[in-house]
């Protein structure tokens, strides 16, 4: 059936709206036990109310305001069908759901978000509906349901696009989609989403500090895993420069936590520890337990890199227990990979191996690919140290496959070195040379993601 001409379609929409208003007038009048005369007088006639209730004729704003007053409802409720102050109520309840998620009550938060999503959809609140879908996606991300989280994030993005929300308002959804793809092993696509949004913000003159810091912060982890250390450092530098203009302390804390990783890569251990301390202090003040657990996780990593293995074990166990209590399954498993590395270095390889084998059934190519590769790499090291060369090779090859699929060039070069050394020790010189060349290829273009030029920078 062909589309109606634009003017006819507009007339049809207006007639439909008139019919809905008429039905609301009839329902409200009947509920209150009023006659058409009581609603109409003194400004209008009963016949006018009858015509309106039948869906004929288009009431003026003045008429609707008069009828709303007689029916004891607001003009907005009568004109749109939305209860008075519903938008404000929805936003307050969204804040309550966000607080529940931040303090570790993911299941409670998910229930609140589901109710809000249904209610916002029923009343046509596109932006609030998108916020509820974003929240549901964040809850699914906590429990490691990446495909489910992506579905919610995509719905939220569609709703905001349909509502013609400005790009800064869409930034949290873009960041959430990128994080979900990053955790799924699609590092390159995560970078593409973030870089595209940053480029559009900066070239379009939309220099919203909160949106920019949110996106720069989110880009650091995939950049680091891809071996794009120069871009990660630049993102951290820009986020730090913009931080004084950011109004959300939780976002500032998140930025400090992510920046610590670039500082550590540059060998600035004290600065990294200081950055994490600032983040932890802010999270303590805000009582955001999830992010505080991530701070303990990152501090454990810092201690491990500095050789403070006992301190690292303490921090990582604290992070694991906090995340496990929240039922944040995917993040708990990722922390346990880091913990296993520390246990191996502390001289407890059997304990580390047991932990890693229990994890491999839960994480893999579509769910924590980089950490699954890390688990195989560690099992390879443990096997090699115990003289089981064939088992070590199998784990290294599995890790190599996972990292190549994810595009995690930052770890590929190191893994190629380990596998090449193993081949060389077992007399397979040609295989060793091929593996070393592969590793050198991944080191050939430091600081790039092969996605083209870096996104435009904001004016600072």
Simple SL model, points at 7 angstrom along Cα→Cβ for residue 196 and residue 457; separation in nm is 2.5
Dividing the mean separation of Cα pairs under 8 Å (6+ apart) by the residue count of the chain yields a relative contact order in percent of 11
Extension gain residue 429-residue 229, at 0.36 nm per residue separation less the Cα-Cα distance, in nm?
68.9 nm
If packing is taken as the average number of other Cβ atoms within 10 Å across a peptide's residues, how do 182-191, 127-136, 88-97 rank, most packed first?
127-136, 182-191, 88-97
Overall Cα dimensions of the stretch 348-449 - principal axes, largest extent first, Å:
36, 34, 19
Taking the Cα centroid of the stretch 286-338 and of the stretch 399-423, what is the distance between the two, rounded to the nearest whole Å?
25
20 Å cut-off, amide nitrogen to a point 7 angstrom out along residue 241 Cα→Cβ, residues in the stretch 165-203:
194-203
With r defined as the distance between the Cβ atoms of residue 20 and residue 327 and R0 fixed at 45 Å, what FRET efficiency is calculated, to the nearest 0.05?
0.55
Just to verify a number: FRET efficiency for residue 281 and residue 440, C-beta to C-beta distance, R0 = 41 Å, to 0.05?
0.45
Size descriptor, Kirkwood hydrodynamic radius, that averages inverse alpha-carbon separations across the stretch 91-183, Å
12.8
Only helical DSSP H runs with n ≥ 4 go in: add -39500 (n - 2.57) per run for the chain, normalise by residue count and round the 222 nm mean residue ellipticity to 500 deg cm²/dmol.
-25500 deg cm²/dmol
For residue 164 and residue 115 in one chain, what is 0.36 nm times their gap in residues minus the Cα-Cα distance, to one decimal in nm?
15.2 nm
Counting only backbone N atoms under 19 Å from a point 7 Å out along Cα-to-Cβ of residue 350, the residues of the stretch 366-385 in range are 379-385
Work out how far the C-alpha atoms of the stretch 205-274 reach from end to end along every principal axis, then list the three figures in whole Å, largest first.
32, 24, 15
Which order do the peptides 354-361, 418-425 come out in when sorted by mean C-beta neighbours inside 10 angstrom, highest first?
418-425, 354-361
Computed from every Cα-Cα pair in the stretch 28-159, P(r) in 10 Å bins starting at 0 and rounded to whole percents is 12, 32, 19, 17, 14, 5, 0
Peptides 196-204, 402-410: what's the order by average Cβ count within 10 Å, highest mean first?
402-410, 196-204
So, in Å, what gap is there between the alpha-carbon centers of the stretch 60-90 and the stretch 198-273?
45
Gyration tensor (alpha-carbon) shape descriptor, the stretch 317-393, a/c threshold 1.5
oblate
Here the equivalent ellipsoid of the chain, derived from its Cα gyration tensor, has semi-axes (largest first, whole Å) of 56, 23, 21
Once you have all Cα-Cα distances for the stretch 276-327, histogram them in 5 Å bins from zero and send the whole-percent values.
5, 25, 27, 23, 15, 4, 0
By its C-alpha gyration tensor, with a ≥ b ≥ c as the square roots of the eigenvalues, how is the stretch 201-348 shaped: rounded for a/c under 1.5, else prolate for a/b larger than b/c, else oblate?
prolate
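Coordinate-derived values only; no laboratory data. Here the structure is a predicted model, which means the values were calculated and not measured. A quick note on method: Cβ atoms are made from the backbone with ideal geometry, for glycine too, and the neighbour counts reach across all protein chains shown.
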